[in-house]
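Below is one structure; the comments refer to it alone.
The values are calculated or read from the model by the stated rules, or taken from the named source; none is laboratory data. As the structure is a prediction and not an experimental result, all values here were calculated from the model. No Cβ is skipped: glycine too gets one built from the backbone with ideal geometry, and neighbour counts run over all protein chains shown. Note: accessible area is taken over every heavy atom of the protein model, side chains too, but ligands, DNA and RNA are not part of it. Shrake-Rupley method; radii C 1.70, N 1.55, O 1.52, S 1.80 Å.
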Amino acid sequence: MIRRTILEWEKLPYGRDASDPATIPEWAADRIATVAAASPLAGQGGAGVLEHGRRALRARGVVGVIAAEGCALEILPKIDLPETAARKDAAVRRRLIHMLGAALDMRIDVGALTDLDWQSDTILEILIRIFSDKLADAVRQGMPRHYVGHEEDLRALRGSMDVVRQFTRHAVNPSRLSCRFDELSQDIALNQIMKAAVARLLCVSRSVRNQRQLQELSFTYADISNVQPDRLNWEGVKLDRTNRRWSDLLALARLLLSERFQTSTSGMAAGFALLFDMNVLFESYIGQLIRRALAGSGLHASLQGGRLYCLTEEETGRPVFQTKPDIIIRASGDVVQIIDTKWKRIASRLDDPKGGVSQADVYQMMAYGQLYDTPRLTLLYPHHDGLPGAEGRQAQHSIGGGCIRLDTMSFNVASGKDAVVRLRSFLLGHGTQERVRNVAASEE
């Protein structure tokens with residue numbers, strides 16, 4: 001099994017020597033590129049995940065695992081960490097798992113994973129390990145059950161009689177009674193989802209330990225109905241105080257059964273891929289942290305909200321060019337700040353007076369300021385070692401010399417310590433606090 005790990009936007013050259021970790025055989029590159037092109041994230045032309053060049057594969061802004069017959073490629077995000085080269089991949093995997101947990105608003109316990117696991121396993125095997133361990137622990141405490149409605153023809157009355165069915169189907173056969181009754185059953189939507197996740201992961205895991213754990217779980221779910229992933233009844237899952245501990249497992253199962261995780265059997269590249277767009281993941285990660293950071297502050301954050309239109313056609317009155325700011329912060333209904341996240345490595349202002357901020361992003365934020373009537377706009381980027389000083393404000397501008405301010409800020413995703421506290425200090429700066437006080441005073 002040939003396995004390679006690269007960072008996003010890096011190249012992996014072709015080579016003839018399969019033992020050379022700096023290259024990959026051409027046949028393996030072809031298979032991996034074919035599986036990547038089948039991903040929903042590949043876009044038109046199929047190059048949205050990997051660029052299949054003449055001499056190398058080049059990763060784009062998508063991370064995860066792509067596997068084909070006899071080979072696998074892991075793509076990790078570019079996060080600056082103070083680790084040695086031998087341990088850096090392990091540290092990046094830890095940070096990626098942390099970001100996934102925060103973005104999906106679920107607790108991921110990685111206490112059972114050793115340093116060796118982080119260094120030797122791909123991000124997919126680590127997720128499978130977390131899911132299977134968590135599921136095994138939950139099953140030991142008891143599989144959830146609910147009352148399920150049944151309609152059956154029986155020889156003795158059970159529950160209540162279906163009068164219409166009785167006198168239409170069994171009018172001449174009174175020995176059969178049409179019954180309606182509820183029965184406490186384990187064959188419910190939640191357990192069917194767990195069984196579908198176990199079955200899928202059993203097909204793709206390469207880890208002996210994970211295989212053994214999943215096989216044991218498949219025996220546990222033997223009496224649960226087999227339901228194809230695209231037919232699972234997610235809306236039928238009922239979480240209450242009796243089964244609340246399954247909420248994180250449900251979120252993990254949704255992740256592992258979602259369109260991010262697809263299989264391919266096209267041509268010679270039968271395989272699978274679990275992929276994440278880092279722009280989307282970074283946005284969700286920051287959005288969930290901001291929601292926690294604003295708790296009790298009088299401010300409220302909405303993600304992908306707003307949806308105001310830039311223009312209105314004069315003849316028809318039809319609005320066009322809808323906007324969807326990443327994060328809108330409100331105080332008593334008034335918009336006090338708009339934040340757009342960008343998974344890009346901005347430049348130091350010493351190297352570039354514009355700080356690496358694109359003109360299109362600036363125009364977009366100007367439109368937000370006009371439409372949503374907010375005095376504070378923020379472009380938030382991941383911090384990296386090439387920026388001077390610590391995370392925080394990198395640049396501050398006024399738009400047109402007026403009172404609308406556009407800040408460029410960075411946030412260090414390499415450190416999960418006090419992340420919510422750090423964001424809270426960014427958000428509740430003097431300008432925002434003053435605007436909250438003004439809104440509150442106007443309502444009194």
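Summary of computed values
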read-out	value
The stretch 290-311, subset part of a loop (DSSP other than H, G, I, E, B) and touching a residue at least 60 places away in the same chain (Cβ under 8 Å), residue nearest to VAL413 (Cα to Cα)	LEU294
Some residue of the stretch 416-428 being within 22 Å of LEU308 (Cα to Cα), out of contact with any helix residue (DSSP H, G or I) (no Cβ under 8 Å at 6 or more places or on another chain) and open to solvent by 10 Å² or more (accessible area, probe 1.4 Å)	no
Within the stretch 112-129, considering residues that are part of a helix (DSSP H, G or I) and free of Cβ contacts under 8 Å to residues at least 12 places away in the same chain, the one surrounded by the fewest Cβ atoms within 10 Å (Cβ to Cβ)	LEU116
Selection status of ARG307, open to solvent by 50 Å² or more (accessible area, probe 1.4 Å), farther than 18 Å from ASP407 by Cα, among the basic types (Lys, Arg) and modelled with pLDDT under 90	yes
Residue, nearest to LEU428 (Cα to Cα), within the stretch 312-330, restricted to residues that are part of a loop (DSSP other than H, G, I, E, B) and open to solvent by 60 Å² or more (accessible area, probe 1.4 Å)	LYS324
Of all residues in the stretch 17-39 being of a type outside the set (A, V, I, L, M) and in a loop (DSSP other than H, G, I, E, B), the one that is farthest from the chain's Cα centre (by Cα)	ASP17
Identity of the residue in the stretch 13-34, over 13 Å from ARG3 (Cα atoms) and hydroxyl-bearing (Ser, Thr, Tyr), that ends up surrounded by the most Cβ atoms within 10 Å (Cβ to Cβ)	THR34
Conditions (1) open to solvent by less than 50 Å² (accessible area, probe 1.4 Å); (2) under 26 Å from the mean Cα position of the chain (by Cα); (3) not small (Gly, Ala, Ser): number failed by LYS344	(1)
Subset of the stretch 44-64 (residues that are open to solvent by 50 Å² or more (accessible area, probe 1.4 Å) and assigned to a loop (DSSP other than H, G, I, E, B))	ARG54, ARG55, ARG60
Complete set of residues in the stretch 72-94 that are out of contact with any strand residue (DSSP E or B) (no Cβ under 6 Å at 6 or more places or on another chain), open to solvent by less than 30 Å² (accessible area, probe 1.4 Å) and outside any loop (DSSP other than H, G, I, E, B)	ALA90, ALA91, ARG93
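Conditions (1) on the phi > 0 side of the Ramachandran plot; (2) part of a loop (DSSP other than H, G, I, E, B); (3) modelled with pLDDT under 85, marked per residue:
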| site | (1), (2), (3) |
| --- | --- |
| ASP340 | no, no, no |
| ASP352 | no, yes, yes |
| GLN364 | no, no, no |
| LEU380 | no, no, no |
| ALA395 | no, no, no |
| VAL420 | no, no, no |
| ARG424 | no, no, no |
| GLN433 | no, no, yes |
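Here's the yes/no breakdown for (1) under 22 Å from the mean Cα position of the chain (by Cα); (2) open to solvent by 10 Å² or more (accessible area, probe 1.4 Å):
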site	(1), (2)
PHE131	yes, no
VAL139	no, yes
LEU157	no, yes
ASP162	no, yes
SER178	no, no
ASP182	no, yes
ALA199	yes, yes
ARG212	no, yes
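Residue-wise test of (1) open to solvent by 60 Å² or more (accessible area, probe 1.4 Å); (2) modelled with pLDDT under 90.
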site: ASP361; (1), (2): no, no
site: TYR372; (1), (2): no, no
site: GLU391; (1), (2): no, yes
site: CYS403; (1), (2): yes, yes
site: SER410; (1), (2): no, no
